[in-house]
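In what follows, a structure is listed as structure tokens, so that the remarks can point back to it.
The values are calculated or read from the model by the stated rules, or taken from the named source; none is laboratory data. The shown structure was predicted, so the numbers you read here are calculated from the model rather than taken from an experiment. Every residue, glycine as well, gets a Cβ built from its backbone with ideal geometry; the counts of neighbours run over all protein chains shown.
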Amino acid sequence: MIKRKPLKRPSFLSRNALLIIGLVLVGIMSLSAVLAPWLTPYHPSHLNVDNLLQPPSTAHIMGTDALGRDVFTRVLHGGRVSLWVGFVAVGISSCIGLILGLVAGYFGKLVDEIIMRGVDVMLCFPSFFLILAVIAFLEPSLTNIMVVIGLTSWMGVARLIRAETLSLRERDFVQAAKAAGASPMRIIFNHILPNALAPVLVSATLGVAGAILVESSLSFLGLGVQPPDASWGNMLTEGKEVLGVAWWLSFFPGMAILVTVLGYNLLGESLRDLLDPRLRQ
Amino acid sequence: MWVAVVFFGITVISFWVIHLAPGSPTDLVTTLNPQADTDARARFEKLYGLDQPLYVQYGRWLVRLSKFDFGESISGDRRPVWDKIKERLPLTFGMNVASMILTLLVAVPLGVASAWWRGGAFDRTTTVIVFIGFAMPGFWLALLLMLWLGIQWPILPISGLTSLNFASMSPLEKTWDLTKHLILPIFIYTAGSWAGMSRFMRSSMLEVLRQDYIMTAKAKGLSSRVVLFRHAMRNALMPVITILGLSVPSLIGGSVIIESIFALPGLGQLFYGAVMARDYPLIMGSLVLGAVLTLLGNLLADVGYGLADPRIRFSGREA
């Protein structure tokens, strides 16, 4: 029998706990990526033939790979790749989404119709299919990956901003600006944009997590960051080859992905709760 | 009308995304092949109509597509694209449906229970697990499970669809063999979607539990069970139907990774191979098919929504 209990809103502390955990995880992963060259005595592609596939020890806390490279060092350097891809890809997709959403929401009518049907079409594609199709024809390079991920993930932001713009457009301060003779550009960028940024912040934070996952999947398939450069995805590919012999090669890079994605998700979700007054009642 | 416009958009993107990218399908057999000269390249391009302007190629492709003809694959066996897709589709489709059902079976009860005991120990524990599940990269989980259940404690096969002696098995053994090979992949699919779904179910349920009619139902003195299952859950399930439709593209996209890890001959593996071989017709065919399946998923979700919600059933569609 289910006991009846009044619906209780979680205390502010417990809601902020998620935010704090998220911040800490993101902070640790970002710092370790930025400071990677100073955190370990090894070079990420330094080969050491006397030290192949060593299990974790005090000298190599995450062991060594099939070429004798230090796994910990490579995980740190892989973090730089992930961080970079996450931020640039999300920067690109947020810019596209922002502009299209603002334009669609502000001008409405035919412009809105065209842009939103474009969003519908893009949302129909399994984005991983699209990304693969394009990446395979380009050289698999970091720049290409970031651009392609950015170009295939702007639809959510566009929808959010359009909805936000639609309601802001009718507000008094926008009407006043219009009456004062402000140009559409000025209204959109000076009056609407600053008020519509909150949801973008949330979706950008969650987007970083998504982009990192896509990058590691691509690298895992061999279409992302190319060896000898380290990325969590391609380290897992190497780990798969020696799965039965060296578990540490598969375990740590995956753990790094998990922790990073978890951090950004926690951060994004708790920002959403904080910024959305509907949930805060 | 909307469907026609979106479908047209799908063909536009499927076609241009590949044709605008640098490189050509003839590269692999010509430029990269020292024995082929420019003459051979020209002949090759003529054979597949690649010497025509892009809009002519697009027009031709569209005309054939309208007759349900996806063209012939230009790499390897040169078989019709549709035949190749058709033999791969059941596996990917079956795994997706199985994992969707499993996802619902796991996520709905979890979400409902979390919302009902909101803020309690159960809710907090599930929230933590959900966040971890949500951040778990599917291919990593797959590797760990392969290591654990395939190598260290070998009870499940980790690659392929059937065992080597499949042909000599009885029908019952064959079924069991197939099931054993599919347990891990389906589990990975499910692991990728249950977390988001249960989170969604929870917030949908919380939204419903705040409504006045729940208060009314409780005030009438109905038992918790009736309030929960008859009044709250039915309404909270509505948005889940939509999400189920929206999750189709990520399931299809995920098939590339999962099928490549477990060496399963499905749509994802076919697409990956097509991309690597620059097989234009096959890539375009798979893109169109993937997008159309998503479109169908969304339409089905709309229909299901209408069937499940009397307000829509009786009053016609609203935005």
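Checking the structure you have, find out if any residue of region B:184-191 is within 13 Å of chain A (Cβ to nearest Cβ), surrounded by fewer than 16 Cβ atoms within 10 Å (Cβ to Cβ) and in a helix (DSSP H, G or I). For region B:184-191, residues within 13 Å of chain A (Cβ to nearest Cβ), surrounded by fewer than 16 Cβ atoms within 10 Å (Cβ to Cβ) and in a helix (DSSP H, G or I): absent. Applying a threshold of 7 Å to beta carbon distances and a minimum spacing of six or more residues, or different chains, the list of pairs starting in region B:279-304 at a residue that is not assigned by TED's automatic domain parsing to the domain that holds B:Gly254 and surrounded by 24 or more Cβ atoms within 10 Å (Cβ to Cβ) and ending at one that is part of a helix (DSSP H, G or I) and among the basic types (Lys, Arg) reads B:Leu282/B:Lys84. Determine, yes or no, whether A:Leu267 is in contact (Cβ under 8 Å) with a residue 12 or more places away in the chain, more than 19 Å from the chain's Cα centre (by Cα) and buried (at least 22 other Cβ atoms within 10 Å of the Cβ). Spelling it out, it is not the case that A:Leu267 is in contact (Cβ under 8 Å) with a residue 12 or more places away in the chain, more than 19 Å from the chain's Cα centre (by Cα) and buried (at least 22 other Cβ atoms within 10 Å of the Cβ). Count of region A:55-89 residues, restricted to those that are in a loop (DSSP other than H, G, I, E, B) and either surrounded by fewer than 19 Cβ atoms within 10 Å (Cβ to Cβ) or aliphatic (A, V, I, L, M) (or both), is 10. Residues that are under 23 Å from B:Val6 (Cα atoms) and more than 10 Å from every other protein chain (Cβ to nearest Cβ) are absent from region B:227-235 altogether.
Taken over region A:175-218, the criterion of being touching a Ser or Thr at 6+ places or on another chain (Cβ under 6 Å) and under 29 Å from B:Ile258 (Cα atoms) is satisfied by A:Ala204, A:Ile212. For region A:28-43, a residue qualifies if it is part of a loop (DSSP other than H, G, I, E, B) and under 24 Å from the mean Cα position of the chain (by Cα), and exactly one does: A:Leu35. Residues in region A:125-139 that are facing chain B (nearest Cβ under 7 Å) and within 19 Å of B:His19 (Cβ to Cβ): A:Phe125, A:Phe129, A:Leu130, A:Leu132, A:Ala133, A:Val134, A:Ala136, A:Phe137, A:Leu138. If we keep just the residues of region B:269-278 that are at the interface with chain A (Cβ under 9 Å from one of its Cβ atoms) and of a type outside the set (A, V, I, L, M), which is surrounded by the most Cβ atoms within 10 Å (Cβ to Cβ)? So the residue we want is B:Phe271.
Figure legend. Inter-residue proximity from region B:244-268: first residues more than 17 Å from B:Leu104 (Cβ to Cβ), second residues among the aromatic types (Phe, Trp, Tyr) and surrounded by fewer than 21 Cβ atoms within 10 Å (Cβ to Cβ), beta-carbon distance below 9 Å, spacing 6+ or different chains. Indicated pairs: B:Gly266/B:Phe93; B:Leu267/B:Phe93. The residues of region A:226-254 that are within 8 Å of another protein chain (Cβ to nearest Cβ), of a type in the set (A, V, I, L, M, F, W, C) and surrounded by fewer than 23 Cβ atoms within 10 Å (Cβ to Cβ), listed by number, are A:Leu243, A:Trp247, A:Phe251.
Once region B:114-138 is narrowed to residues that are in a loop (DSSP other than H, G, I, E, B) and not hydrophobic (A, V, I, L, M, F, W, C), the residue that is farthest from the other protein chains (Cβ to nearest Cβ) is B:Gly120.
For B:Phe229, the requirement of being without any contact (Cβ under 8 Å) to a residue 60 or more places away in the chain, more than 18 Å from A:Leu218 (Cβ to Cβ) and among the aromatic types (Phe, Trp, Tyr) is met. Of all the residues in region A:153-201, those that are outside any helix (DSSP H, G or I) and either surrounded by 19 or more Cβ atoms within 10 Å (Cβ to Cβ) or touching a residue at least 60 places away in the same chain (Cβ under 8 Å) (or both) number 2. If you scan region A:207-218, which residues turn out to be more than 10 Å from every other protein chain (Cβ to nearest Cβ) and in contact (Cβ under 8 Å) with a residue 60 or more places away in the chain? Those that are more than 10 Å from every other protein chain (Cβ to nearest Cβ) and in contact (Cβ under 8 Å) with a residue 60 or more places away in the chain: A:Gly207, A:Val208, A:Ala211, A:Glu215. Checked against the criterion of being in the same structural domain as B:Gly192 (by TED's automatic domain parsing), assigned to a loop (DSSP other than H, G, I, E, B) and touching a Pro at 6+ places or on another chain (Cβ under 9 Å), the candidates B:Leu222, B:Leu264 yield just one match: B:Leu264. Going by the structure shown, is A:Gly108 more than 12 Å from every other protein chain (Cβ to nearest Cβ) and at pLDDT 90 or above? Considered against the rule, which asks whether it is more than 12 Å from every other protein chain (Cβ to nearest Cβ) and at pLDDT 90 or above, A:Gly108 comes out as no.
The residues of region A:142-170 that are modelled with pLDDT of 85 or more and over 23 Å from A:Val119 (Cα atoms), listed by number, are A:Leu142, A:Thr143. In the set B:Ser168, B:Ser159, only one residue is loosely packed, with under 13 Cβ neighbours inside 10 Å and touching a residue at least 40 places away in the same chain (Cβ under 8 Å); that residue is B:Ser159. For region B:35-54, the criterion of being at pLDDT 70 or above, part of a helix (DSSP H, G or I), of a type outside the set (Ser, Thr, Tyr) and more than 29 Å from the chain's Cα centre (by Cα) is met by at least one residue.
Given (1) touching a Leu at 6+ places or on another chain (Cβ under 8 Å); (2) buried (at least 17 other Cβ atoms within 10 Å of the Cβ); (3) among the basic types (Lys, Arg), identify the lone condition not met by B:Lys180. (2) is the only condition that B:Lys180 fails.
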